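Asker: Encoded as structure tokens, here's the structure I'll be asking about.
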Amino acid sequence: MCDIIATFDYRTLKVEVPYVGIILLYGSTCETEIGLALTFAHELQHFLQYTNEKPIWVINNLSVGWVKNMLSAGLRHEEFKNLWDFPHEIEARTTAKKVAECLFGAEQVREYIHDRIKARITENDVEDWEFQEGIDSSVPYKFAEATKPLVQKHRRQLEEFLHKCKSNDTEALRDSNLLIEDLDDIDFNALT
């Protein structure tokens, strides 16, 4: 699979990645049409965030990285216990549910989510599906507006983590899932 997505150039001795990103759908996400629709719409929404609202998408990923970095240092953050506590994930889940409901009907999607909760694959999975069950997809989620309070409340910590990332701290960059060039798109002033 890696050879198809990113090829090794023997002349330059570098891996050539011809894509900015990919959406990989695999495993249990493809077992049912509803599951596939939810997953694809969710990931496609992240792609749209990246292409249409990149500075806000970057700040959200920087925020996730900051919390992951705290966790790896043995610290916890009570406000952010789950990935779906971040605005970019809430929007992706809201959009995914709305798309699935349009394709299959609200009742079918409700039943699918209920079945995923009953399956109890992991406790975290149950919590995620319960969160999705509580989403009202008829209410538009305002990604940029929801990011503002996050930046206002945690700006100092995010700026410190950004500095860590910009100083090529590989663990910090890995935690944020950002590239060094993404960091140039951050403008905290636009969100305060």
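Asker: Hey, among Lys148, Lys166, Lys118, Lys153, which residue is among the basic types (Lys, Arg) and closer than 25 Å to Cys102 by Cα?
Answerer: Of Lys148, Lys166, Lys118, Lys153, the one residue that is among the basic types (Lys, Arg) and closer than 25 Å to Cys102 by Cα is Lys118.
Asker: Quick check on Glu78: is it free of Cβ contacts under 8 Å to residues at least 60 places away in the same chain, within 22 Å of Ala37 (Cα to Cα) and among the charged types (D, E, K, R)?
Answerer: Numbers: free of Cβ contacts under 8 Å to residues at least 60 places away in the same chain: yes; within 22 Å of Ala37 (Cα to Cα): no; among the charged types (D, E, K, R): yes.
Criteria not met by Glu78.
Asker: Considering only region 20-51, state which residues are at pLDDT below 85 and assigned to a helix (DSSP H, G or I). Before the answer, list the steps.
Answerer: Keep residues of region 20-51 that are at pLDDT below 85, which gives 20-30.
Selection gives Gly27, Ser28, Thr29, Cys30.
Asker: Select from region 113-145 the residues that are closer than 26 Å to Thr51 by Cα and of a type in the set (Ser, Thr, Tyr) and write down the one among them that is farthest from the chain's Cα centre (by Cα).
Answerer: Only one residue tops the list, namely Ser138.
Asker: From the residues in region 90-117 that are more than 27 Å from Phe80 (Cβ to Cβ) and free of Cβ contacts under 8 Å to residues at least 60 places away in the same chain, which one is surrounded by the most Cβ atoms within 10 Å (Cβ to Cβ)?
Answerer: Result: Glu101.
Asker: Then there is this: If you go through region 128-165 one residue at a time, how many are surrounded by 14 or more Cβ atoms within 10 Å (Cβ to Cβ) and assigned to a loop (DSSP other than H, G, I, E, B)?
Answerer: So the count comes out to 3.
Asker: Of all residues in region 127-174, how many are modelled with pLDDT under 90 and touching a Pro at 6+ places or on another chain (Cβ under 6 Å)?
Answerer: 0
Asker: Exactly one condition in (1) under 26 Å from Gly134 (Cα atoms); (2) without any contact (Cβ under 8 Å) to a residue 12 or more places away in the chain; (3) aliphatic (A, V, I, L, M) is not met by Leu83; state its number.
Answerer: Tallying (1) under 26 Å from Gly134 (Cα atoms); (2) without any contact (Cβ under 8 Å) to a residue 12 or more places away in the chain; (3) aliphatic (A, V, I, L, M), Leu83 fails exactly one: (2).
Asker: Across region 52-85, what is the number of residues that are at pLDDT 90 or above, of a type in the set (S, T, N, Q) and surrounded by fewer than 17 Cβ atoms within 10 Å (Cβ to Cβ)?
Answerer: 1
Asker: Taking Ala172, is it more than 24 Å from Leu44 (Cβ to Cβ) and surrounded by 13 or more Cβ atoms within 10 Å (Cβ to Cβ)? Talk me through it step by step, then tell me what you get.
Answerer: Working: more than 24 Å from Leu44 (Cβ to Cβ): yes; surrounded by 13 or more Cβ atoms within 10 Å (Cβ to Cβ): yes.
Here the answer is yes, as Ala172 does meet what is asked.
Asker: Right, something else. Exactly one condition in (1) under 19 Å from Pro55 (Cβ atoms); (2) in contact (Cβ under 8 Å) with a residue 12 or more places away in the chain is false for His163; which is it?
Answerer: His163 satisfies every listed condition except (2).
Asker: Just to be sure, is Leu183 part of a loop (DSSP other than H, G, I, E, B), at pLDDT below 90 and under 17 Å from the mean Cα position of the chain (by Cα)? It would help to see each step written out before you state the result.
Answerer: On the way: part of a loop (DSSP other than H, G, I, E, B): no; at pLDDT below 90: yes; under 17 Å from the mean Cα position of the chain (by Cα): yes.
Spelling it out, it is not the case that Leu183 is part of a loop (DSSP other than H, G, I, E, B), at pLDDT below 90 and under 17 Å from the mean Cα position of the chain (by Cα).
Asker: Now for a different question. Looking at Asp125, is it free of Cβ contacts under 8 Å to residues at least 40 places away in the same chain, over 23 Å from Gly21 (Cβ atoms) and surrounded by 12 or more Cβ atoms within 10 Å (Cβ to Cβ)? It would help to see each step written out before you state the result.
Answerer: Details: free of Cβ contacts under 8 Å to residues at least 40 places away in the same chain: yes; over 23 Å from Gly21 (Cβ atoms): yes; surrounded by 12 or more Cβ atoms within 10 Å (Cβ to Cβ): yes.
Here the answer is yes, as Asp125 does meet what is asked.
The values are calculated or read from the model by the stated rules, or taken from the named source; none is laboratory data. Everything numeric here is computed off the predicted structure, so don't read it as measured data. Here the Cβ is made from the backbone with ideal geometry for all residues, glycine too, and neighbour counts use every protein chain on show.
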